[in-house]
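FYI, it's all coordinate maths here, none of it is from the lab. It should be emphasised that the depicted structure is a prediction, and the values quoted were computed from it without experimental measurement. Heads up, the Cβs are rebuilt from the backbone with ideal geometry, glycines too, and the neighbour counts pull from every protein chain shown.
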Amino acid sequence: MPDLQRITTQYIDAEDRLRLTGELAPGEVVVLWLTQRLMHRLIGHLCRSLDDPAPHLPQSRRLQADVIQSFAQQAARAQLPAQPAVQASDACQQWLVAAIDISQAPNKTSLTFKGSLPNHDARLTLQEQPLRQWLSIVFEQCTQAGWPVAVWPDWVKEASLPLHDQPTLLQ
């Protein structure tokens with residue numbers, strides 16, 4: 001199964017979908033199309049995996065956990081390096097993602113994007129920091145699309161606010 005080395009995630013208005021353009025190897029590119037329905041299911045799962053122990057905390061500790069998650073998300077977003085976008089050609093393979101298999105190991109998440117045809121699959125493996133960075137990008141693209149943001153936890157929404165708009169927490 002091919003591994004995605006670099007990706008560019010963009011909302012494409014004419015398709016009302018996210019386009020994931022991925023570099024498999026130097027010069028080899030694939031385009032994956034992701035629907036809003038599938039993305040919302042994926043986002044919920046990925047955010048819960050980052051926030052795993054927090055739902056079991058009492059309410060007083062939950063606020064503290066949300067602040068820690070928001071800080072980790074802000075730090076990941078701030079460290080996102082500027083890179084040139086992965087460019088697709090007319091000749092590259094494209095398919096609509098029908099399913100995503102998620103496998104998790106300590107500090108690592110692998111997403112296998114599957115199309116409806118054989119050999120239409122590609123894997124993206126991210127450690128925690130790049131996963132948070134990708135979630136920030138996806139959140140921005142979903143917001144640009146006008147897609148509902150209810151699936152996103154507050155710590156992602158707060159981390160995506162411009163610095164001057166963020167609330168100050170005093171204790």
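Kindly put Asp3, Asp51 in sequence by how many other C-beta atoms sit within 10 Å of each C-beta, fewest to most.
Numbers: Asp3 12, Asp51 16.
The order, fewest Cβ neighbours first, is Asp3, Asp51.
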- From fewest to most C-beta neighbours within 10 Å, the residues Ser136, Ser103, Ser110 line up as Ser103, Ser110, Ser136
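Once you have the Cα-Cα distance between Gln10 and Asp154, take 0.36 nm times their residue separation minus that, and quote the gain in nm to one decimal. Please report the intermediate quantities before stating the final value.
Working: separation 144, 0.36 × 144 = 51.84 nm, distance 2.24 nm.
Net length gain for the segment: 49.6 nm.
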- Message: Can you compute 3J(HN,Hα) from phi for each residue in region 13-30, using the Karplus curve 6.51 cos²θ - 1.76 cosθ + 1.60 with θ = phi - 60°, rounded to whole Hz and x for Gly and Pro?
- Response: 4, 4, 9, 6, 9, 8, 10, 9, 9, x, 8, 7, 8, x, x, 10, 10, 10
- Given labels modelled 7 Å from the Cα in the Cβ direction, how far is it in nm from Cys92 to Arg37? 2.7
- Under 5 Å from the placed amide H of Gln5, counting only residues 5+ away or on other chains, we find Glu23, Leu24
- Rounded to whole Hz and in sequence order, give me ³J(HN,Hα) for region 127-137 from the Karplus expression 6.51 cos²θ - 1.76 cosθ + 1.60, θ = phi - 60°, writing x for Gly and Pro. 7, 4, 4, x, 5, 4, 5, 5, 4, 4, 5
